[in-house]
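So the structure is just underneath, and the comments pick up after that.
Taken together, the values in this text are just the output of simple stated rules run on the coordinates, not laboratory data. Values in this document were obtained by computation on a predicted structure and should not be read as measured data. Cβ: placed from backbone, ideal geometry, glycine included. Neighbour counts: every protein chain shown.
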Amino acid sequence: MMIRECRRFVTFTSFGQNLKAHQLQQFYWKDKSCVRGFATLKDSSKQRKVFDDEVKRMHFEHFCDFSKKFKGEYDYLRDEIAGQLVDRLKDIKRDFPLALDLGCRNGNIGKRLVCEFNETKILSGGVEKLMMIDNSETIIKSASDTVKEEYLRSSIEDYPLTFEQHVANYDELNGVIEENSVDVVLSGLSLHWTNDLAESFKSVKKILKPDGVLLAAMFGNDTLFEMRTALAVAEQEREGGLSPHISPMIRSADTCGLLSDAGFTLTTVDTLNIEVEFVNAFKCMEHLSRMGESNGVINRRYNMRKETFIAAAAAYQSLFQNDDGYIPATFQIVFMI
């Protein structure tokens with residue numbers, strides 16, 4: 001990965017082997033508001049709404065604008081996850097002619113499929129058609145433009161991989177896609193933002209063929225534990241209380257239960273830690289904002305005192321700065337199949 005001024009490199013560590021994170025668990029704020037459990041209650045009439053859908057739609061539309069303006073500068077995390085998902089798809093010894101990209105964002109999965117075909121002249125996973133779904137016309141257009149730009153680099157006239165776009169919410173797929181019609185559903189860091197995760201899984205199950213596969217990735221509850229700790233320390237010291245600044249994440253232990261309740265069998269869940277280094281906390285926050293990953297919780301705090309903000313950056317630097325003068329930001333990715 002290219003080294004940039006504000007981001008040094010990405011390192012990968014298997015779950016449980018990130019020694020620095022383990023050593024700093026004493027600083028890890030484990031407030032319940034930072035850990036996401038089940039997205040729905042058993043009684044659907046009492047469903048809790050966690051995220052502001054309109055705000056998140058705007059966040060991701062801005063992300064698509066930034067991605068186009070800065071030529072993919074802020075796509076590095078989604079590009080890496082798209083690569084991971086496609087690699088896992090190729091590990092399954094069968095073909096998936098019809099695939100669905102649920103929450104396509106900037107078309108990262110489609111772009112990866114096209115890149116691999118351009119290099120190998122082989123359809124990854126046997127995917128012949130990819131349907132891209134998101135909840136905004138602007139996002140769908142951005143994804144379509146990204147994929148089109150990639151396959152136009154090829155000199156092949158009759159391109160074997162075709163694309164189709166739909167606008168729909170993640171838990172309302174049945175009105176757009178026929179039941180028992182899709183071979184595989186791919187989703188990279190999009191299901192995290194659904195208010196009804198259990199219903200989204202059930203919706204996916206309905207459109208999959210009886211032997212269909214779900215391959216998805218979501219942020220785990222150890223994501224950004226460094227920033228969470230720094231914000232907690234600064235806010236407690238300066239204001240004498242705590243408030244949620246980072247959106248809640250799912251626990252890997254909950255994922256199998258949700259998939260089983262939706263009707264999936266032989267489920268497998270694993271985690272991957274991705275560590276990105278920044279020059280300071282302000283650059284980290286800038287990247288999170290431009291990636292569309294700003295806080296979208298309904299009861300979020302809309303502003304922070306300047307002195308608290310600066311104190312949080314100082315605490316981040318003091319607690320987590322490495323020997324090279326950079327600060328790490330850990331993204332725990334929960335993969336499910």
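Using DSSP to define loop residues, name the chymotrypsin sites (Phe, Trp or Tyr not before Pro) in region 258-322 whose beta-carbon has at most 11 other beta-carbon atoms within 10 Å. Counting only loop positions with at most 11 other Cβ atoms within 10 Å, the chymotrypsin sites (Phe, Trp or Tyr not before Pro) in region 258-322 are Tyr302.
The length gained by stretching the chain between Lys306 and Met58 to full extension, at 0.36 nm per residue less their Cα-Cα distance, is 86.8 nm. Available extension along the chain between Lys209 and Asp87 is 41.8 nm, counting 0.36 nm per residue and deducting the alpha carbon span. Among the trypsin sites (Lys or Arg not before Pro) within region 104-154, those in coil by DSSP and having at most 16 neighbouring Cβ atoms inside 10 Å are Lys121, Arg153. Between Asp324 and Asp261, the simple spin-label model (points 7 angstrom out along Cα→Cβ) gives 4.2 nm. In region 181-337, taking the dipole from charged Cβ atoms about the Cα centre, the farthest positive-side position among Tyr326, Met285, Ala315 is held by Met285.
Adding -39500 (n - 2.57) for every DSSP H run of four residues or longer, then dividing by how many residues the chain holds, sets the calculated 222 nm ellipticity at -12000 deg cm²/dmol. Label zone (Glu128, point 7 Å along Cα-to-C-beta; backbone nitrogen cut-off 14 Å) within region 81-96: 95-96. Entry note, region 92-186: relative contact order of 39 percent, from Cα contacts under 8 Å with a spacing of 6+ residues. How far is helix 137-151 tilted, in degrees, relative to the longest principal axis of the Cα atoms in the chain, given as a value from 0 to 90 rounded to the nearest 10? Tilt of helix 137-151: around 70 degrees. Net length available on complete extension from Glu239 to Tyr159 is 22.9 nm, with 0.36 nm assigned per residue and the Cα-Cα distance removed. Relative contact order of the chain: 24 percent, from C-alpha pairs under 8 Å at least 6 residues apart in sequence. Under a model in which nothing but the beta-carbon of Lys, Arg (+1) and Asp, Glu (-1) is charged, the chain shows a dipole of about 640 debye around its Cα centre.
Using a cut-off of under 18 Å, list every residue of region 206-237 whose amide N is near the label point 7 Å from the Cα of Glu178 along the Cα-to-beta-carbon line. 206-213, by backbone N distance to the label point.
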